[in-house]
Amino acid sequence: MKKSNSRSLLFSLTAIAALAPSLSFGADGYFLTGYGPRQRALGGAGVADSRDAMAMSINPAGIVGLERMFQVGLGVSLPERGYSTVGQPVVLAPGDVRSGRPIFPVPNGAYVHPIDAESAWGLATYGNGGLNTSYDIGHFKPPVKAGPGGIITVSPSFGGVLGGGAAGLDLQQSFISATYARKFGSFSVGVSPTLAIQMFNAQGLKILSPYSSNMYNFSDMGYDWSVGGGVRIGVEWRATDELRFGFTGTTPMFMSRFQKYRGLIADQGSFDIPANVIAGVAYDVLPNLTLMADWRHIFYSATTAGYSSYPIWFGSFGSSGGAGFDWRDTDSASLGAEWRATPKLTLRAGYHYSTIPMRDRAATLAALAPAVAAHSITGGFGYQLTKNSSIDFAAIYDFKNSVSYAEDVPFVGRAFFPSIPLNVLPHYNPNATITAWGRATQFTVGYNYKWDAGDTSWIPSHF
């Protein structure tokens, strides 16, 4: 039995490790609307209703009572984002400017192994995302002129939205959680130590290097890695046969610094992933119809993402307490309904609403990181292919949303050439309004396999 379990663990780790999650379009800042196709079809709800292996990604207590199972899934996100200007901007290229539109893969995987009727362990991998833009060099920001007759170049231009060539940001976050859960009467409790990995890249920002505390680790440094972790703890209470409550809390993911970008990201490259809490309820209106409602709070303001984006002085970026994304905490609501229409077919629908983390005054910086999604509708289905195998599908549409504000202009101490003092203080440009916007369509498919009771094989023998 021990040999079988070790082989099963090896199989699970190998399969899950092959699914290193990538980037998508986030709804609550850069957090996703659920992990796995079932949660995503339900608008992100499900903290009090665990029915598949990916349930441990939001509530580790939920795996108690599940059969031994394995789940893999893959999503694609088709985001649209960009910005537009009104008036005469001096920091950004004018006009209606759109970012490139790549297709982002979003894999996930999970494995649940019952220990006995009262306890279970599991593994899961999943990811966050939403901070990504890619503006080509075709958009041109005119050089900024000053002095008598506007003949002195304050800021040159080499093309691109900031005058520094092709520009954009890319943040990717992946998580691997190991879970143990145990049942105590009507309560189940679970804990998930979690390993977190981040990747970050910034390009086309060199023209802003005078505003960095370390201009040699500021932009165009390629991808950099950050590693860290935290813990998620969850509780599920079965109040009655029909009514269940769930609650989870996740500590901050304390991460190593992005050394290549310690001159860009505040506190010398510090970018911890914020703590969050989720509370929810699930009620079986009928034996085959379940309604769910979840609330989530994310503590962005406790990380460097919450640092203000104004004012920008020489040395602001990368310094202790320096310029950040200007994000506040977010609250979101998820509503979901699951109808197990037939023994083989399950239909799901949901709605998700999130407050926007980005303050309006940060609209200029939001052009590089437009995390502005607020309203989403979701839907999907599950279908039992055989006694052991089933598939799930989910679709999400994030409605277009935006933030607008006057352009954030940094301090200008001297002209670029010739070198003469100007001493223009940081200010909001009254002659230009920046509107950063985004929307997305997302699809997720998943495959689930349940072993027969008593089957100790580590590779499925039949599907």
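The values are calculated or read from the model by the stated rules, or taken from the named source; none is laboratory data. Remember, it's a predicted structure, so these values are computed and weren't measured experimentally. Glycine also receives a Cβ, built like all others from the backbone with ideal geometry; neighbour counts cover every protein chain displayed.
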I'd like the full set of residues that are without any contact (Cβ under 8 Å) to a residue 60 or more places away in the chain and surrounded by 17 or more Cβ atoms within 10 Å (Cβ to Cβ), limited to region 306-322. G306, Y307, S308
Looking at (1) under 17 Å from the mean Cα position of the chain (by Cα); (2) within 23 Å of R328 (Cα to Cα); (3) of a type in the set (V, I, T), which is the only condition V231 fails? (1)
Of the residues F258, F245, only one is more than 24 Å from the chain's Cα centre (by Cα) and at pLDDT 95 or above; which? F245
Exactly one of T433, T378 is part of a strand (DSSP E or B), in contact (Cβ under 8 Å) with a residue 60 or more places away in the chain and either surrounded by 23 or more Cβ atoms within 10 Å (Cβ to Cβ) or within 21 Å of the chain's Cα centre (by Cα) (or both), and that residue is T378
List pairs: first residue in region 20-33 and farther than 14 Å from T444 by Cβ and surrounded by fewer than 24 Cβ atoms within 10 Å (Cβ to Cβ), second residue modelled with pLDDT of 60 or more and polar (S, T, N, Q) anywhere in the structure, Cβ distance under 6 angstrom, at least six positions apart or on different chains. A20/S174
Considering region 283-341 alone, what residues qualify as being more than 24 Å from the chain's Cα centre (by Cα) and not in a loop (DSSP other than H, G, I, E, B)? Y283, D284, V285, L286, L289, T290, L291, E338, W339
Kindly indicate whether G75 is at pLDDT below 90, among the small types (G, A, S) and not in a loop (DSSP other than H, G, I, E, B). yes
Across region 436-463, which residue is surrounded by the fewest Cβ atoms within 10 Å (Cβ to Cβ) among those that are polar (S, T, N, Q) and assigned to a strand (DSSP E or B)? T441
Could you count how many residues in region 218-247 are assigned to a strand (DSSP E or B), aliphatic (A, V, I, L, M) and surrounded by fewer than 16 Cβ atoms within 10 Å (Cβ to Cβ)? 3
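Restricting to region 366-383, give me the number of residues that are of a type in the set (G, A, S) and under 21 Å from R51 (Cα atoms).
3
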If A117 satisfies every condition in (1) surrounded by 23 or more Cβ atoms within 10 Å (Cβ to Cβ); (2) modelled with pLDDT of 90 or more; (3) over 25 Å from K206 (Cα atoms); (4) hydrophobic (A, V, I, L, M, F, W, C) but one, which is the exception? (1)
Restrict the check to region 350-364 and report whether at least one residue is of a type outside the set (S, T, N, Q), farther than 24 Å from T133 by Cα and in contact with a Phe, Trp or Tyr (Cβ under 8 Å, 6 or more places away or on another chain). no
Might you check whether a residue that is more than 25 Å from the chain's Cα centre (by Cα) and surrounded by fewer than 23 Cβ atoms within 10 Å (Cβ to Cβ) occurs anywhere in region 192-199? no
Is it the case, given these coordinates, that R98 is more than 18 Å from T433 (Cβ to Cβ), surrounded by fewer than 24 Cβ atoms within 10 Å (Cβ to Cβ) and among the basic types (K, R)? no
Going through region 258-282 one residue at a time, which ones are part of a helix (DSSP H, G or I) and of a type in the set (D, E)? D267
Among the residues of region 342-368, which ones are in contact (Cβ under 8 Å) with a residue 40 or more places away in the chain, more than 24 Å from D170 (Cα to Cα) and outside any strand (DSSP E or B)? P343, K344
When you look at V97, is it of a type in the set (A, V, I, L, M, F, W, C), in a strand (DSSP E or B) and either at pLDDT 90 or above or more than 30 Å from F245 (Cα to Cα) (or both), yes or no? yes
If you go through region 184-218 one residue at a time, how many are farther than 20 Å from Q268 by Cα, hydroxyl-bearing (S, T, Y) and touching a Gly at 6+ places or on another chain (Cβ under 9 Å)? 3
